[in-house]
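In what follows, a structure is listed as structure tokens, so that the remarks can point back to it.
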Amino acid sequence: MAEVPPALWTAFAFVVGAAIGSFLNVVVYRLPRGQSLVSPGSRCPHCGHALGAFENVPLLGFLWLRARCRHCGAPISWRYPLLEALTAALFAVVVGTFGADWLSVAYCLFGAALLVAFFVDLELFIIPDEVNAFALAVGVAYDVGRLAAGDPAHAAWGGWLPRSIGGAVVCACFFVVIQVIGLVLFKKEAMGDGDVKLARAIGAMLPLGAAFVSFALAIALGAVIGTVIVVWRRVAAQAHGSATEGEVEEDAGEPAPPSLGEVLLNGLAYILFFDLLVTVAARAGAGWARRMMHGEAGPTLEVEDDFRPGLTHIPFGPYMVVGALLSIFVGNSLLRWYLQWALPGPSGM
């Protein structure tokens, strides 16, 4: 049997990615709203018109409909073709870079979860637990599979701890420390719990060095882009009189920060994966787990306070997503470059 040309695999990945991107649009809209992902079928969010086969074709359907619902004429968000195109491009680049093997499958699934986290956090300032849990499961499953196959790159830490579990714990600890520092020094929440869980998933999927490169990229992007966005919002708000001077100086509607005890308790739960145990037990019908998730037995594992985002509120999750996606391709190269620069050998001294 003739070997499939790499270009054909890449083209196939693009088509599959576009189709999965169409499903991710459903996930982005329905999952944070508690709606079923499978029923009813795709429909216009304005009038409820069920999309036909031609209307639902990834990328092309948006063009055929000219960005409007055929039934009610309401505009269709550009997020739909954008997410389809991004997913298709990501899948194609992954397969084109790493070839048609299980690593590419893992990166594609992981990247799909990251794209959902990007768009949901950008819109609603939350990262659904299901998305973070899926990304974590992909990283652990791939690592354990390679460990079982005897891949030396996935050797267990200390001979017993899977690299993915160790990486997840280290990265979660790092972000919990950031939470504690922000609370102690600035009396405010520096990182959301969703960011901690996303960091845990990134640590499970990427080698530890590449994971920290992704965090460095996220911080750099957040510092530059975030500053530009905040300045632009302040100038626009003052120019249009849409915010008072007090609102420009201090965000309105910001909830009270969690206590140090809550941060430490939640952080310990995430480091020990206790939040996942509680979620699984609750869905299996365990009463204690349901009470804990709904706060009926003391502090909840994660407190989601409703708030009105102020001028300086910018979700960090999207920057983490971009950093992780970049690190998949250039993380190890950047790490080697940094180590050569920071720790030069005799020839570089």
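The values are calculated or read from the model by the stated rules, or taken from the named source; none is laboratory data. These numbers were taken from a predicted model, which means no experiment stands behind them. With ideal geometry, Cβ positions are generated from the backbone for all residues, glycine too; neighbour counts draw on all protein chains shown.
Of note:
- Among the residues of the stretch 95-102, some residue qualifies, meaning at least one is in contact (Cβ under 8 Å) with a residue 12 or more places away in the chain and touching a Cys at 6+ places or on another chain (Cβ under 9 Å).
- Considering 11, 2, the condition of being aliphatic (A, V, I, L, M) and modelled with pLDDT under 95 is satisfied by 2 alone.
- Summed over the stretch 94-108, the residues that are assigned to a helix (DSSP H, G or I) and surrounded by fewer than 21 Cβ atoms within 10 Å (Cβ to Cβ) give a count of 8.
- The stretch 159-175: number of residues that are in contact with a Phe, Trp or Tyr (Cβ under 7 Å, 6 or more places away or on another chain) and either surrounded by fewer than 16 Cβ atoms within 10 Å (Cβ to Cβ) or within 16 Å of residue 267 (Cα to Cα) (or both): 2
- Hits in the stretch 134-158 - residues which are farther than 27 Å from residue 15 by Cβ and surrounded by fewer than 18 Cβ atoms within 10 Å (Cβ to Cβ): 144, 147, 148, 149, 150, 151, 152, 153, 155, 156, 157, 158
- Among residues of the stretch 71-85, those that are in a loop (DSSP other than H, G, I, E, B) and either closer than 16 Å to residue 29 by Cβ or touching a Phe, Trp or Tyr at 6+ places or on another chain (Cβ under 9 Å) (or both), counted: 4
- Selection status of residue 111, without any contact (Cβ under 8 Å) to a residue 24 or more places away in the chain, part of a helix (DSSP H, G or I) and of a type outside the set (S, T, N, Q): no
- Being surrounded by fewer than 16 Cβ atoms within 10 Å (Cβ to Cβ) and either outside the structural domain of residue 29 (by TED's automatic domain parsing) or on the phi < 0 side of the Ramachandran plot (or both) is a property that residue 186 has.
- Those residues of the stretch 1-33 which are under 11 Å from residue 84 (Cβ atoms) and among the hydroxyl-bearing types (Ser, Thr, Tyr), in sequence order: 22
- Matching residues in the stretch 237-259 - criterion: being at pLDDT 75 or above and either of a type outside the set (Gly, Ala, Ser) or outside the structural domain of residue 146 (by TED's automatic domain parsing) (or both): 238, 257, 258
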